[in-house]
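Just below is one structure, and these are the notes that go with it.
The values are calculated or read from the model by the stated rules, or taken from the named source; none is laboratory data. Since the structure is predicted, the reported quantities are computational estimates derived from the model, not experimental observations. Cβ sites come from the backbone with ideal geometry, for glycine too, and all protein chains shown count toward neighbours. The area values use the complete protein model at the heavy-atom level, side chains included, leaving out ligands, DNA and RNA. Shrake-Rupley method; radii C 1.70, N 1.55, O 1.52, S 1.80 Å.
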Amino acid sequence: SGKFAYVANQGSDNVSAYSINATTGVLTALGSVAGRNGNLAMAMTKGTAAVTYTPKFAYVTNNLANSVSAYTINTATGALGVVAGSPFAAGTNPSSVTVDPSGRFAYVANAGFNNVSAYTIDATSGALTSAGTTTAVPGTRPQSVTVDPSGKFAYVANYDSNDVSAYTISATTGVLTAFDCDDNPFTFGGTCAAGTSPYSVTVDPSGKFAYVANTNSNNVSAYTINTSTGALTSVGMTVAVPGTGPSSVTVDPSGKFAYVANVFSNNVSAYTINATTGALSGGAAVPAGTSPNSVTVDPSGKFAYVANYNSNNVSAYTIDATGALTSVGMTVAVPGTGPVSVTVDPSGKFAYVANASSNNVSAYTINATTGALSGGAAVPAGTIPSSVTTTGTWQ
C-alpha cells in the first residue's frame with residue numbers, strides 16, 4: 001500500500017515500524033516489537049482482505065470439581081455458550097489452563113496430583129479429548145502452565161518444589177515429554193530453580209525469555225530460552241518493588257514490558273525488559289483492588305486488566321509508550337464474586353473473568369478507545385473456577 005515501512009534490526013533483535021508521509025516520504029516511528037536473535041531480513045505479502053482473528057472457544061479450570069468447562073464464543077457479542085459434553089475431566093485440583101498457539105491443544109496443570117493434562121481440541125465444536133497426563137517430574141504442586149509462541153515447548157511453575165518443569169510438545173498428538181530444563185550439562189534433575197512458591201509462568205512473544213512470579217519470596221525469576229532445545233538459563237531475579245506477593249506475570253505484545261500483580265500489596269508493578277538479556281528493570285507500581293490475583297494485556301498492547309479477588313472487581317489501565325499504567329477505573333464482576341483470573345481474547349474485543357466464589361465466568365465487551373469494560377453477564381462454571389483462557393482462528 002506504500003503507507004508503512006518496516007526494519008529488521010539485527011543488533012537490538014527487534015522490528016521497527018514507521019508510517020510514510022504520502023507527500024514528503026518522511027518516516028514517523030510507530031514503535032517496535034521484539035524478535036528472535038539476530039534479525040537479518042524480512043519479507044512481506046498481502047491478500048484480498050485484512051488479517052482478522054475470530055474468537056472461538058473459552059476454557060475454564062474448576063479447582064474443586066476436577067474438570068475443565070468449555071464454551072463457544074459468540075463472535076458478535078462475546079457471549080459464552082456451553083460446549084456439548086462440557087465439563088471435561090481433569091486431574092486433581094486443576095489450577096491453570098492454556099492453549100497452544102495453533103489452537104489444536106490445551107494443557108491443564110493439576111496442583112493436587114502433580115501432573116499436567118493434555119487435550120486435543122475439536123476445531124468445530126471445541127470439545128476436548130484427553131491426550132493423557134504427564135507427571136511434573138520432579139516438581140510438586142504444578143500451579144501454572146504456559147506454551148511458548150512456537151508451540152514446541154511447555155513450561156510449568158511448581159509451587160511447592162520452587163522450580164519450573166519443561167516439556168517438548170508433539171506436533172502431531174500434543175503429548176508432553178519432560179526434558180532437563182537446565183542448559184547446564186553438569187546439573188541433572190529435570191527442573192530449573194525458581195523463587196519461593198512460584199505461582200505464575202509466562203513466555204514473552206518472541207519466545208526468547210520466560211518469567212515466573214514467586215509469591216512468597218516477593219520476586220520474579222527471569223530466564224533466557226534456548227530456542228532450539230527449549231532449555232532455560234537463569235538471568236537472575238527481580239524484586240517486585242514495591243509489591244509483595246507477586247501472583248501473576250504477563251508480557252505485553254511488543255515484548256518490551258512485563259507486568260506483575262501483587263496479591264498482598266494490592267498493586268501492579270510495571271517493568272521494562274532488556275531486549276538482549278531479558279532482565280527486568282523498573283518496577284513502578286500502581287494501585288489495584290484488594291488481592292489482585294491475575295493480570296493480562298490486550299493484543300494491541302494498549303490496555304491491561306487485573307482481577308481483584310477480595311474486592312470483587314476488575315481494574316482496567318491504559319498503557320503508554322513507556323509501559324506505564326494509568327487507571328481507567330474498576331468494573332464490578334457482576335454477578336461474579338472472587339474474580340481470580342482474567343484474559344482477553346486475541347481479537348481484543350472481549351474480556352473474560354473466572355469468579356472462584358460464585359462458580360461462574362463473566363464476559364465483558366472492551367471499549368476500543370478507552371479500554372473500559374461493559375457487560376459482565378455470567379455463565380455457570382464448575383466448583384471454584386481458577387483459570388480462564390481463550391482460543392480462535394486467524395484469517
Checklist entry - Inside the range 136-184, can you point out the residues that are open to solvent by less than 40 Å² (accessible area, probe 1.4 Å), among the hydrophobic types (A, V, I, L, M, F, W, C) and assigned to a loop (DSSP other than H, G, I, E, B)? => result Ala136, Cys181
Checklist entry - Of these, Val286, Val268, which one is buried (at least 23 other Cβ atoms within 10 Å of the Cβ) and either part of a strand (DSSP E or B) or aliphatic (A, V, I, L, M) (or both)? => result Val268
Next on the checklist: For the range 219-256, which positions are assigned to a loop (DSSP other than H, G, I, E, B), crowded, with 18+ Cβ neighbours inside 10 Å and polar (S, T, N, Q)?
Outcome noted: Ser254
Checklist entry - Within the range 67-83, which residues are part of a strand (DSSP E or B), β-branched (Val, Ile, Thr), touching a Gly at 6+ places or on another chain (Cβ under 9 Å) and surrounded by fewer than 24 Cβ atoms within 10 Å (Cβ to Cβ)? => result Thr72
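Hey, can you tell me all the residues within the range 315-356 that are in contact with a Leu (Cβ under 8 Å, 6 or more places away or on another chain) and modelled with pLDDT under 95?
Thr331
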Checklist outcome for this item: In the range 315-330, anything assigned to a loop (DSSP other than H, G, I, E, B) and open to solvent by 30 Å² or more (accessible area, probe 1.4 Å) is listed as Asp320, Ala321, Thr322, Ala324
Item to check | Only listed residue being in contact (Cβ under 8 Å) with a residue 40 or more places away in the chain and open to solvent by 30 Å² or more (accessible area, probe 1.4 Å), chosen from Pro385, Pro339, Pro299 | outcome: Pro299
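Quickly run through the range 84-119 and pick out the residues that are among the aliphatic types (A, V, I, L, M), in contact (Cβ under 8 Å) with a residue 40 or more places away in the chain and not in a strand (DSSP E or B). Before you say what the answer is, go through the steps one by one.
Let us first name the residues in the range 84-119 that are among the aliphatic types (A, V, I, L, M), namely 84, 89-90, 97, 99, 106, 108-109, 111, 116, 118.
Checking the rest, the ones that are also in contact (Cβ under 8 Å) with a residue 40 or more places away in the chain come to 84, 89, 97, 99, 106, 108-109, 111, 116, 118.
Within the range 84-119, Ala84, Ala111 meet the criteria.
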Item to check | So Phe105, is it farther than 29 Å from Gly375 by Cβ and at pLDDT below 95 | outcome: no
Checklist entry - Looking at the range 368-382, which of its residues are open to solvent by 20 Å² or more (accessible area, probe 1.4 Å), more than 13 Å from Gly78 (Cα to Cα) and either in a loop (DSSP other than H, G, I, E, B) or at pLDDT below 95 (or both)? => result Ala368, Thr369, Thr370, Ala372, Ala381
Checklist entry - Among Asn274, Asn312, which is the only one that is of a type outside the set (Lys, Arg) and either surrounded by 18 or more Cβ atoms within 10 Å (Cβ to Cβ) or at pLDDT 95 or above (or both)? => result Asn312
